[in-house]
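Take a look at the structure set out below.
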Amino acid sequence: MERESAPMHILNSSQFDRPFLDYICLLTDTIRRFDKSKEGLLYLRGLLAHKRAMLYFTQPSTRTFLSFQTAAQILGMSTNEIRDSATSSERKGESIEDSLQTFSSYVDMIIMRTAVPGLCNRIAAILDESERPVPIINAGSGPDEHPTQALLDIYTLNRSFVRDGGIDGKTIVMVGDLKRGRTIRSLSGLLTNYQDMRIVFVSPTEYKIGDDIRTKLQKANVRFDETDQLQDALTIADAVYMTRVQDEYDTEGESKKVDYSRFHLKFEHLKLMKEKSVIMHPLPRRAELDVAIDADPRAKYWRQERNGMWTRVALLTKIFGVDHKIVLPEL
Ligand code: CP
């Protein structure tokens, strides 16, 4: 049987360049305007009504799962889901590769969250050689990558700085468990596409960024610093990106031995920050982000969450080649 051509997979943040990021931001801005009218929403619902998506989420998720599911529904797609491999034939010994190839028999796209780094890339390569290659979207792969989170983070930063020169030239402070935080890796990668960036990584010694991130930033000539002094970093931040401790990757409860409280953003820290800075968090949060901060206009994390849904709508239209049906404004 003749093979279909290779689909557009979303696997790693390194696959995106600046023109793509600018395009997705503009596409997302345009698409969300359709939400303002019944006609607009009905138009969107017709765009992919002939497509089906599988959501295979074997690691816990609230917002990535729901925002992808809702994004698919906004475009008229139907969705199926598996959220626990114990309920699939993996329980009977089927390999994960065979399970995912099975999904490709029924659907037009697989959106997957897994604890296994590199699995999405492996599955995409297998399916590309199969009779029915379908797009694979990495919705979070262990401590490795979360490329669509990074896209929505870029969109949120872009919107936040739209009247202030955009993302170029900004100082982004990333705080927390930077060693095991996949959002940190993916966002740091995307920031290499911008000019004159400075990134300040704030973490306990135990959770400093990995060498892969350092090498990527050095190669791209992105200025970066590493420190454990949160309060100093806050004073220079245009954006603060908070993250929780990723203790699901502990092997022997080692996180309990780390004093994470020094990496909590507290209400009293707000006075140290610039008036126009923004506070982001991929969520879910724990104590590292004081709930009292929610009322501050610099807090963008709830908006960030909703931006995720619209960014994913834009991405789905691009993957299935219907983005040209969204008329973009002249630049
Ligand atoms: N930000 C994020 O990935 O959240 P969930 O784990 O709830 O999907």
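Of all GluC sites (Glu not before Pro) in the stretch 232-285, which ones are in loop regions per DSSP and have a Cβ with at most 14 other Cβ atoms within 10 Å? Of the GluC sites (Glu not before Pro), the ones in loops of the stretch 232-285 whose Cβ has at most 14 other Cβ atoms within 10 Å are 252, 275.
A DSSP coil position with no more than 16 other Cβ atoms inside 10 Å describes the following trypsin sites (Lys or Arg not before Pro) in the stretch 132-184: 163. For residue 247 and residue 98, a Förster radius of 41 Å and the Cβ-Cβ distance give a FRET efficiency of 0.80, rounded to the nearest 0.05.
Annotation: lysines with alpha-carbon distance below 28 angstrom to residue 92 (same-chain offsets under eight excluded): none found. Sequentially through the stretch 55-62, phi angles give Karplus couplings (6.51, -1.76, 1.60; θ = phi - 60°) of 9, 10, 10, 9, 10, x, 7, 10 Hz, Gly and Pro residues having no value and appearing as x. Applying a threshold of 29 Å to the alpha-carbon distances of 36/216; 170/271; 36/300; 38/170; 208/266; 257/300 flags 36/216; 38/170; 257/300 as lying beyond it. Neighbour counting of Cβ atoms within 10 Å sorts the residues 68, 263, fewest neighbours leading, into 263, 68.
Across the chain, Cα-Cα pairs farther apart than 24 Å form 55% of the total.
With the cut-off at 1.5 for a/c, could you classify the stretch 144-223 from its C-alpha gyration tensor as rounded, prolate or oblate? It comes out prolate by the Cα gyration axes. If you run the Gaussian network model on the chain, springs between alpha carbon atoms under 10 Å, then out of 111, 213, 137 the most flexible one is 213.
For the stretch 147-305, the direction-averaged projected area of the alpha-carbon convex hull comes to 8.6 nm².
Of all lysines in the structure, the ones whose alpha carbon falls short of 19 Å from that of residue 318, not counting any fewer than 8 places away in one chain, are 51. At a Cα cut-off below 14 Å, give the aspartates and glutamates reachable from residue 256, other chains included and same-chain residues fewer than 8 away excluded. Qualifying aspartates and glutamates at Cα under 14 Å: 177, 206, 247, 248. Think of it as helices only: each DSSP H run of n ≥ 4 in the chain is worth -39500 (n - 2.57), and spread over all residues that comes to -11000 deg cm²/dmol at 222 nm. Relative to the longest principal axis of the C-alpha atoms of the chain, give the angle of the C-alpha long axis of helix 63-74, reported between 0 and 90° and rounded to the nearest 10°. For 63-74 against the chain, the angle is about 40 degrees. Think of the stretch 147-305 as a dipole: +1 on every Lys or Arg Cβ, -1 on every Asp or Glu Cβ, centred on the Cα centre; then among 289, 201, 162, 162 lies furthest on the positive end.
With Rg and the Kirkwood Rh both taken from Cα atoms, where does Rg over Rh land for the stretch 16-170? Could the numbers behind the result be given before it?
Details: Rg = 17.2 Å, Rh = 17.1 Å.
On the Cα set of the stretch 16-170, Rg over Rh gives 1.01.
Of the DSSP beta bridges with both residues in the chain, give the percent that are antiparallel, rounding to the nearest 5.
On the way: 1 of 35 bridges.
Here the share of antiparallel DSSP bridges comes out near 5 percent.
Projected label points at residue 106 and residue 231, each 7 Å from Cα along the beta carbon direction, are separated by 5.6 nanometres.
Each reported figure results from applying straightforward, stated rules to the coordinates on display, with no laboratory input. Just so you know, these numbers come straight off a predicted model, no measurement behind them. Cβ sites come from the backbone with ideal geometry, for glycine too, and all protein chains shown count toward neighbours.
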